[in-house]
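Comments concern the structure below.
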Amino acid sequence: MKKFVSIALAIIMMLSVSVSVFAVDDDYINSVAAEVLSEYEPLFPMDNGWWTEDSDLGSSTDAGVAFAEAILTDGAKIVIKADAAAGSTEDGCGYQYGIQTTDTWVMVLAHFNYPDEGACIAEEVVVEGDYAYIIIDAAEFVDALTANDVDLTVNTWQWIFGACSGAKTYGVYVITTGSSSDDSSAEAETEEAEASSESTEASSSEETSSASSPDTGVALALLPMALAGIAVVSSKRK
């Protein structure tokens, strides 16, 4: 009985660990993400403002290194969780998120409700209850970095938390979403694999048929010899 309980506890612990690896502490992110490539959740929600010397999302931190690598993934999206005001079109609301290099002092920002500022615009802003989720196409952001001669793997940089006054930022994530184009590609690959399998089976059937024919011919050729041998044995017995 004790052995059974120990095994059950071990299985539960393994399942709990696997869940923590693939999920983050946010229902919306978990509902839209096929995979979370990187995540940054500050210990205390970040107030609006520019970079700070003690920011832990930048080139000198593990979170920053993971972010810089994750945004290079095909189909990746940057998702920023903030107070709902950051997603509002009212005057005084909106945001500016992005990076500022601390060696060349270049800013590359994604913006909303700031029409004359920023290097790119968010793909979508989703407001869920008290929170806004700012969704930025990672490829577009990388293109903006390139256009401004910024390489996050080379330059020294800090993330800018530029939410509107009174709004806080709760997390910066890089995810893949498993888009419909990915699904179409997967379906095409499946159909191709099935067609290849059918072709292989047909070829195998033909080879089997061809291989069996010589054996049959040999057997028929040997039949007279076998009958002659039987006849000789019978005559000797007589």
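Read-outs: derived from the displayed coordinates by stated rules, not from any lab. Since we're looking at a predicted model, the values are computed, not measured. Reconstructed Cβ throughout: ideal geometry from the backbone, glycine too, with neighbour counts over all protein chains shown.
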Hits in the range 124-144 (condition: more than 15 Å from Val172 (Cα to Cα) and either of a type in the set (A, V, I, L, M, F, W, C) or in a loop (DSSP other than H, G, I, E, B) (or both)): Val127, Gly129, Asp130, Ala139, Val142, Ala144
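Consider Glu140 carefully, then state whether it is within 20 Å of the chain's Cα centre (by Cα) and without any contact (Cβ under 8 Å) to a residue 40 or more places away in the chain. Before you say what the answer is, go through the steps one by one.
Working: within 20 Å of the chain's Cα centre (by Cα): yes; without any contact (Cβ under 8 Å) to a residue 40 or more places away in the chain: yes.
Taking the combined requirement at face value, the residue satisfies it.
Out of Ala63, Ala122, Ala110, Ala68, I need the residue that is in contact with a Ser or Thr (Cβ under 9 Å, 6 or more places away or on another chain), within 22 Å of Glu41 (Cβ to Cβ) and buried (at least 20 other Cβ atoms within 10 Å of the Cβ). Which one? Walk me through it before giving the result.
On the way: Ala63 fails: buried (at least 20 other Cβ atoms within 10 Å of the Cβ); Ala122 fails: in contact with a Ser or Thr (Cβ under 9 Å, 6 or more places away or on another chain); Ala110 fails: in contact with a Ser or Thr (Cβ under 9 Å, 6 or more places away or on another chain).
It is Ala68.
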Options Val65, Val108; residue that is of a type in the set (A, V, I, L, M) and part of a strand (DSSP E or B): Val108
Neighbours by Cβ (under 9 Å, 6+ apart or cross-chain): first from the range 145-170, farther than 16 Å from Ile78 by Cβ and without any contact (Cβ under 8 Å) to a residue 60 or more places away in the chain; second among the small types (Gly, Ala, Ser) and not in a loop (DSSP other than H, G, I, E, B): Asp151/Ala68
